[in-house]
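The values are calculated or read from the model by the stated rules, or taken from the named source; none is laboratory data. A quick note: this is a predicted structure, and the numbers were derived from the prediction, not measured. Please note: Cβ atoms are built from the backbone with ideal geometry, for glycine as well, and neighbour counts cover all protein chains shown. Areas reflect the complete protein model, heavy atoms only, side chains present, ligands, DNA and RNA absent. Shrake-Rupley method; radii C 1.70, N 1.55, O 1.52, S 1.80 Å.
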Amino acid sequence: MTGHPNVADPRLYREDTWRPHFARLRAEDPVHHHPESPYGPYWSVTRYADILKVELDPATYSSASAMGGIQIIDQPQGQELPNFIRMDPPRHTAQRKTVAPIVAPSNLANLQATIEQRTAALLDGLPRNQTFDWVDLVSTELTAMMLATLFDFPFAERRRLTWWSDVAICNVEAEDAVVKTDAERMAELRTMAATMTELWKERAAAPPKFDLISMMAHSDATRDMPLNEFIGNFALLIVGGNDTTRNSMSGSLMAFADHPGERDKLEANAALLPSAVSEMIRWQTPVIHMRRTATRDAELAGKSIARGDKVVMWYVSGNRDGSAIEDPEVFRIDRPKVRQHLSFGAGIHRCVGDRLAELQLQILWQEMLKRKIRPEIVGQPVRLYSNFIRGIRSLPVVIRG
Ligand code: HEM
């Protein structure tokens, strides 16, 4: 196959023009080798079934930071916050086990009422009959509020959580980077560590409560976690839950605006909400790709992968693969097997916060439906220049009434 563009070009995602390139790759060369790119040579894995094969074979396809990590761009060595998304077993297994119960449905149920109240108040306070940015006033604000609720972080300072997440993931070389050097980044993250340490000590000394810091400070699994591990896990939860959930909130609004029939269906039958939420997450696919590095020679869809090769799983493509998902280009909230999508990955690294993300989206839409809020999109979205996060930076809307 010749003449195929570099699907890692961030412009494809800013301009939202990636679909035909992946359709062609899936049809003509589903595991494709790109000999040259700004990130060096890499393999593109574009079909649902092949992505699953890579996900389910972590012994061959490593996530380890030392091998390059989980993004197409190699992880800068020695500067990262240690956390388990960039680890292989057995370290990954042990660290994930300490965090997973914290975001399990039984724990989340305790936070639901607070999240509902705060979401309701935010929606009631939105401007009427005047254009505003949905991303700023709703998606970013709700995600910050929800993170503050989850951690019982001082509510008035909630945007610091968004800030630390932006600092932790930003590419310092990018034009719009929030910090311009790694030294600046480390200074900010040290402030985060100091703030979190204070909260941890406070919660450990007080009776247990239903917030994630208190739960971690009191649970048998996490009580004795060394401080640096606590900070690493804490940062991973903030970063993991920030952009992804924020962009699902913006993307779901766009999906319903483009498919008013689906909105009618949901208004007529609120029992469809859980399945609608899964479809929103598939439709948006907030994480564009995850990368692995081959630890040994392997064969994938007839191609020979060599030890050390960079293997990129394009979730945006797997979620549009008609051989696994019926009519993938249709947004259908009552589709059969609606949870069968790749937005959360699969296997040992499958998103640990999946239920939490679904709960947040469910509450947003439940409260919108109750109030019959139907925001009208009145301008073009501005999309993120990134090949990793499928982000929406701004989205002008009006709520009439
Ligand atoms: C719609 C929202 C979300 C999406 C689309 C998403 C997507 C993902 C993806 C694709 C992975 C990697 C899966 C793999 O490599 O197979 C992941 C891992 C992870 N996510 Fe999420 N995520 C979301 C929300 C959240 C939330 C709310 C949290 C927590 C507050 C969270 C925490 C994590 C963590 C800790 C990992 C690492 C798991 C591991 O390595 O074992 N995510 N997520």
(message) I need to check one value: relative contact order of segment 212-365, counting alpha carbon pairs closer than 8 Å and at least 6 residues apart, in percent.
(response) 25 percent
(request) Pop out the ³J(HN,Hα) list for segment 6-17 in order, Karplus 6.51 cos²θ - 1.76 cosθ + 1.60 with θ = phi - 60°, rounded to Hz; leave Gly and Pro as x. (result) 6, 6, 8, 5, x, 5, 4, 8, 5, 8, 6, 10
(message) Explain nothing, just the number: dipole magnitude of the chain about its Cα centre with +1 on each Lys and Arg Cβ and -1 on each Asp and Glu Cβ, in debye rounded to the nearest 20.
(response) 520 debye
(request) Calculate the spin-label point distance for residue 267 paired with residue 377, positioning each point 7 Å from the Cα along the beta-carbon direction, and give it in nanometres. (result) 1.8 nm
(message) Loop only by DSSP, 13 or fewer other Cβ within 10 Å of the Cβ. Give me the trypsin sites (Lys or Arg not before Pro) in segment 89-130 that pass, ordered by residue number.
(response) 128
(request) Leaving out ligands and nucleic acids, note down the accessible area per residue over the chain with a 1.4 angstrom probe, in whole Å². (result) 42 Å²
(request) Add +1 for every Lys or Arg and -1 for every Asp or Glu among the other residues with Cβ under 14 Å from the Cβ of residue 288, and state the total. (result) +4
(message) Please compute the modelled spin-label separation between residue 258 and residue 354, points set 7 Å along Cα→Cβ, answer in nm with one decimal.
(response) 2.4 nm
(message) Taking 8 Å as the Cα distance limit and 6 or more residues as the minimum spacing, I'd like the relative contact order of segment 24-128 as a percentage.
(response) 13 percent
(message) Quick check: at a probe of 1.4 Å, how many percent of the accessible area of segment 3-128 sits on carbon and sulfur atoms?
(response) 56 percent
(request) At 0.36 nm per residue, minus the direct Cα-Cα distance, what do residue 121 and residue 323 gain on full extension? Give it in nm, one decimal, please. (result) 68.4 nm
(request) Could you calculate the FRET efficiency of residue 340 with residue 159 from 1/(1 + (r/R0)^6), where r is the beta carbon distance between them and R0 is 41 Å, rounded to 0.05? (result) 0.70
(message) With the crude spin-label approximation of a point 7 Å out along Cα→Cβ, what separation in nm comes out for residue 100 versus residue 198?
(response) 3.5 nm
(message) Can you tally the net charge around residue 372? Count Lys and Arg as +1, Asp and Glu as -1, for every other residue whose Cβ sits under 14 Å from the Cβ of residue 372.
(response) +1
(request) Among 39, 385, 13, determine the one that fluctuates most according to a GNM of the chain built with springs between C-alpha atoms less than 10 Å apart. (result) 39
(request) Only Cα pairs under 8 Å and at least 6 apart count here; give the relative contact order of the chain as a rounded whole percent. (result) 27 percent
(request) Run down the lysines and flag those whose C-alpha is under 24 Å from the C-alpha of residue 53, throwing out any fewer than 8 positions away in its chain. (result) 97, 303, 310, 337
(request) List the lysines whose Cα lies under 20 Å from the Cα of residue 372, skipping any in the same chain that are fewer than 8 positions away. (result) 265
